[in-house]
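Here is the structure we will look at, set down as structure tokens.
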Amino acid sequence: MRIERHTDVRTFYARVEPFLLGHEAENNLQLGFRAALERDPHTWGPEPPLLLAVTDDGSGVAAVATRTPPFPLVLSHADDLDAVRLLADELRDERLPGVTAPLPVGHAFLERWPAPARVEVAQRLYRTSEVIPPRPTTGALRVVATADHPLVIEWVEAFHAESLGGGGSGTAFLERREGLPGELLFWEDGGEPVSFLAYGAPTPNGMRIGPVYTPPERRGRGYASALTAAATERVLAAGNRFSFLFTDIANPTSNSIYQQIGYRPVCDVNLWRFVAG
């Protein structure tokens, strides 16, 4: 096996997309980067993206690694875990903050990584191709307007603080999404937004929903379920076969409500943060 390092986004995706589509749900993060990276390789920051493919002896792709600095490395699904170990050897001199991967792939990578790691976020990936209507609740869906952006920024940052340990800029979130496929949606009740959702990051056959955020004082009323179901219907009505989303495994409420509206688990995915020695 050997490693290909790519610098051109279009050439890279032409090379790896057939492999990634073999497990489209598991690889939806890497597939979802494509639209933003093709528009601007520096969407996430000034450093160029890291784009690697491991090829087997027959020149087929065996594993894919991508990174959009300053964020952690993302690894594809891989049946051949030796390909993942080879990536760890190749990247050991890179200053990586962490790695996101399905559990078996991540464990294989960490076997060869020279620094210890801790699990920062343990997630479960879900997929659906149909919506089961949730229990009725008051209110209705509304598309976010430009005047709503200050509230979106506040809620995106609250979501990051609660679910991902902080560090997410709501302003940067809006800037990255501008002009790309997807929507920002509110569930509104009594003339006030009570829940927020974004979807985008298109794959060839789907889109990813997230983040989903309801302020603590508004929870338990079915708003997030209603909003996610309505958003999923919009994703599928647009001609997509699938809708994807991630949940925090430690949150039994979100894992339950998404299954109630039709989402089914695909795999578990961890974000490991490397710990300096």
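The values are calculated or read from the model by the stated rules, or taken from the named source; none is laboratory data. In this text, all values refer to a predicted model and were calculated from it rather than measured experimentally. With ideal geometry, Cβ positions are generated from the backbone for all residues, glycine too; neighbour counts draw on all protein chains shown.
For Ala226, only one of the following conditions fails: (1) small (Gly, Ala, Ser); (2) in a helix (DSSP H, G or I); (3) surrounded by fewer than 16 Cβ atoms within 10 Å (Cβ to Cβ). What is its number? Tallying (1) small (Gly, Ala, Ser); (2) in a helix (DSSP H, G or I); (3) surrounded by fewer than 16 Cβ atoms within 10 Å (Cβ to Cβ), Ala226 fails exactly one: (3). Restricting the first member to the range 152-167 and to residues that are under 14 Å from Phe186 (Cα atoms), and the second to residues that are modelled with pLDDT of 80 or more and part of a helix (DSSP H, G or I), the beta-carbon pairs closer than 7 Å and six or more apart or on different chains are Val152/Gly170; Val152/Leu174; Ile153/Gly170; Ile153/Thr171; Ile153/Leu174; Glu154/Gly170; Val156/Gly170; Val156/Phe173. The single residue among Val16, Val64 that is among the β-branched types (Val, Ile, Thr), in contact (Cβ under 8 Å) with a residue 40 or more places away in the chain and either in a helix (DSSP H, G or I) or surrounded by fewer than 20 Cβ atoms within 10 Å (Cβ to Cβ) (or both) turns out to be Val16. Take Glu175 and decide whether it is under 19 Å from Pro216 (Cβ atoms), in the same structural domain as Glu233 (by TED's automatic domain parsing) and out of contact with any Pro (no Cβ under 9 Å at 6 or more places or on another chain). Answer is no for this residue. In the range 70-119, the residue that is surrounded by the fewest Cβ atoms within 10 Å (Cβ to Cβ) out of those that are within 20 Å of Gly168 (Cβ to Cβ) and at pLDDT below 95 is Pro70.
Among the residues that make up the range 167-174, is at least one of them at positive phi and in contact with an Asp or Glu (Cβ under 6 Å, 6 or more places away or on another chain)? No: zero hits. If the condition is being in a loop (DSSP other than H, G, I, E, B) and surrounded by fewer than 21 Cβ atoms within 10 Å (Cβ to Cβ), then the range 26-48 contributes Asp40, Pro41, His42, Thr43, Trp44, Gly45, Pro46, Glu47, Pro48. Among the residues making up the range 173-202, those that are under 21 Å from Ala238 (Cβ atoms) and outside any strand (DSSP E or B) are Arg176, Arg177, Glu178, Gly179, Leu180, Pro181, Gly182. For Leu110, state whether it is over 20 Å from the mean Cα position of the chain (by Cα) and closer than 28 Å to Glu17 by Cβ. It is true that Leu110 is over 20 Å from the mean Cα position of the chain (by Cα) and closer than 28 Å to Glu17 by Cβ.
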